[in-house]
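Below is one structure, written out as structure tokens; the observations come after it.
Every read-out reported here was derived from the displayed coordinates using simple, explicitly stated rules and does not represent laboratory data. As the structure is a computational prediction, the values presented were derived from the model and not from experiment. Methodologically, a virtual Cβ is constructed for each residue, glycine included, from the backbone with ideal geometry; neighbour enumeration extends over all protein chains shown.
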Amino acid sequence: MYIRDTIAAVSTPPGNGGIGIIRVSGDLAAVVGNTLFKPVSDGGLVSHRFSFGTICDASTGDVVDEAMAVYMRAPRSYTREDVLEIHCHGGWLVVERVLALVLSCGVRLADPGEFTRRAFLNGRIDLIQAEAVMDIIASKSESALQLAQRQREGVLSKRIDDIRTCLLRALALVEAYIDFPDDDLGETDSASILASVGEARSIIADLLFTFEDGRVIRDGISVLIVGKPNAGKSSLLNCLLNENRAIVTHIPGTTRDIIEETVSFGGLSVRLLDTAGIRHTDDFVEQEGITRALAKIPQADLILAVFDASKEFSREDQLILDALGDHKAIAVLNKTDLHQRFVLPCEGRFVALVRIAALSGDGIDVLKQTVCKQFLHTAVTDSREFVALSRARHRDALVSAEQNLQQFAGGLPDSNLELLALDLRDALRVVGSVTGQTATDEVLDLIFSSFCIGK
Ligand code: GDP
């Protein structure tokens, strides 16, 4: 439901910063500006022009802060309503005071994501674009940002609209026959209906194929480093991070807790977790570290199993193999600068084997590329047309639409047209929920409640 009252919130992050921005949207935006903001130059607030002045408490006449203000008259604003932004100094206290003054003008504090929700409800953006705004803010890698920007620009929305257009074309023909039940569905019309539905299904299939890549680009992956003590796990972590994050010593058993860092491999966000060396030990603290390391194995997207290639395969290495189960893992043979004694007994169990020397960095680039190759199947290109599904909500809707369409196509031309039309309408409804044409209030609540306040 959309109540057309005026809302306000702090749009900059909490805490102290250079500037703090208070955003106001709704019919009272101009009133708030004229009440609180005193521009140094004559003429008051002009739409889409920044003015410099002060924020004053009208009840006392006190100057609360120096500020810049910009008023954007509807519909040329983020929400398509009248919008006012006050840019004051970024201390939390001054920002809170300005917000309190704004709220005292009869304005309500905005809910999370409410500005973007209004932009959606007023038709400025669709639901995919609203979600993309959230993804832009949360992007952890270049490729995640690039994908979110494409979705914000409407590249994915256009593909969804193409599906809808095909389905609407098919539905129009089907309904024409429902209206005239005495006419049999001719071969030509049956073929055109199937062609339109086939086109829609082919776009859906192409999009579903991109989902795994899109999810990985958006959310990143978690990579767990395991191995026996002294295999070179911490050296590998430092090498991948390009810094001395983990303590490296020749004394076995120094890493006892899990160390976690996020890096980018070729634009892919990778959460690296270095673990305690796995071995039999009586040391209670070390044992706890090993238990934690083992518990992380099922949760990781990929395991880097590090082996010391200068030593023979040992019972401790076997412990690692046993702990891996059938999890996706790359065998990393470290210390290739030393005399090689290691033979891996079950190379075929790994998705790849990479030789490195963590001390010098030899082989690290190949390792990074090998990690990326396990997850990215379609090339992340600079093409303006590149698009991928990246949210389970979109994927689930398209899977459900495909089921309806499969049923529809299987039933034509013999089954009852009225019943078949239900499948087509269901498909249209779920496809429409992706861009928001048919999204319910509950869906909108769920999506926008995960936004931050002020967005
Ligand atoms: P971890 O216990 O598995 O984390 O192993 P560390 O990273 O602490 O390394 C154990 C020892 O192996 C340290 O003395 C490292 O300097 C040494 N080391 C690690 N990688 C290499 C390598 O590529 N070549 C050589 N020669 N030594 C290495």
**Message:** Using the Karplus curve 6.51 cos²θ - 1.76 cosθ + 1.60 with θ = phi - 60°, what ³J(HN,Hα) values do you get for each residue of the range 449-455, in whole Hz, with x for Gly and Pro?
**Reply:** 5, 8, 6, 8, 5, x, 9
**Prompt:** Under the rule of -39500 (n - 2.57) per DSSP H run of 4 or more residues, summed and divided by the residues of the chain, what mean residue ellipticity at 222 nm is obtained, to the nearest 500 deg cm²/dmol?
**Reply:** -14000 deg cm²/dmol
**Request:** Note the full-extension length gain between Gln374 and Asn122 as 0.36 nm times their separation in residues minus their Cα-Cα distance, in nm to one decimal.
**Result:** 86.5 nm
**Request:** DSSP loop (so not H, G, I, E, B), at most 14 other Cβ within 10 Å: list which trypsin sites (Lys or Arg not before Pro) in the range 1-61 pass both filters.
**Result:** Arg4, Arg49
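Ranked highest first by average number of other Cβ atoms within 10 Å, how do 323-334, 409-420 line up?
Details: 323-334: 18.5, 409-420: 14.2.
Packing order, densest peptide first, comes out as 323-334, 409-420.
Would you please classify the overall shape of the range 1-111 from the alpha carbon gyration tensor, given that a ≥ b ≥ c denote the square roots of the eigenvalues, rounded means a/c under 1.5, and beyond that prolate means a/b larger than b/c while oblate covers the rest? Could the numbers behind the result be given before it?
Values: a/c = 1.44, a/b = 1.16, b/c = 1.24.
The shape class here is rounded.
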**Complete:** Computed from the beta carbon distance with a Förster radius of 22 Å, FRET efficiency for Asp414 and Phe180 to the nearest 0.05 stands at 0.75
**Prompt:** Amide H neighbours of Ser269 under 5 Å, counting only residues 5+ apart in sequence or on other chains, H built in-plane at 1.01 Å?
**Reply:** Gly220, Ile221
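Answer rounded, prolate or oblate for the chain, using the Cα gyration tensor with square roots of eigenvalues a ≥ b ≥ c: rounded when a/c is under 1.5, else prolate when a/b is larger than b/c, else oblate.
Details: a/c = 2.97, a/b = 1.22, b/c = 2.43.
It comes out oblate by the Cα gyration axes.
With a/c under 1.5 counting as rounded, go ahead and sort the range 94-237 into rounded, prolate or oblate using the C-alpha gyration tensor (a ≥ b ≥ c being the square roots of the eigenvalues; past the cut-off, prolate if a/b is larger than b/c, else oblate).
Values: a/c = 4.28, a/b = 1.37, b/c = 3.12.
Because a/c hits 1.5 or more and a/b fails to exceed b/c, the range 94-237 counts as oblate.
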**Item:** Potential extension, Asp326-Ser450 segment - 0.36 nm per residue separation minus Cα distance
**Value:** 41.1 nm
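What percent does the relative contact order of the range 67-123 come to when contacts are Cα pairs within less than 8 Å and at least six residues apart? Numbers along the way, then the final one.
Working: 47 pairs, mean separation 19.3, N = 57.
Relative contact order here is 34 percent.
Averaging sequence separations of C-alpha pairs under 8 Å and six or more residues apart, then dividing by the length of the chain, give the relative contact order as a whole percent. Write out the running numbers ahead of the final one.
Details: 841 pairs, mean separation 74.0, N = 455.
Contact order relative to length: 16 percent.
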**Request:** Quote the FRET efficiency, to the nearest 0.05, computed for Arg425 versus Arg108 with a Förster distance R0 of 35 Å and r equal to the Cβ-Cβ distance.
**Result:** 0.35
**Complete:** Per the 1/(1 + (r/R0)^6) rule, R0 = 35 Å and r from the Cβ atoms of Ala58 and Ile137, FRET efficiency to 0.05 is 0.55
**Prompt:** Pairs Lys38/Lys455; Lys328/Lys368; Lys233/Lys296: which exceed 19 Å Cα-Cα?
**Reply:** Lys38/Lys455
**Message:** Just want to confirm a number: the relative contact order over the range 312-455, from Cα pairs under 8 angstrom separated by 6+ residues, in percent.
**Reply:** 14 percent
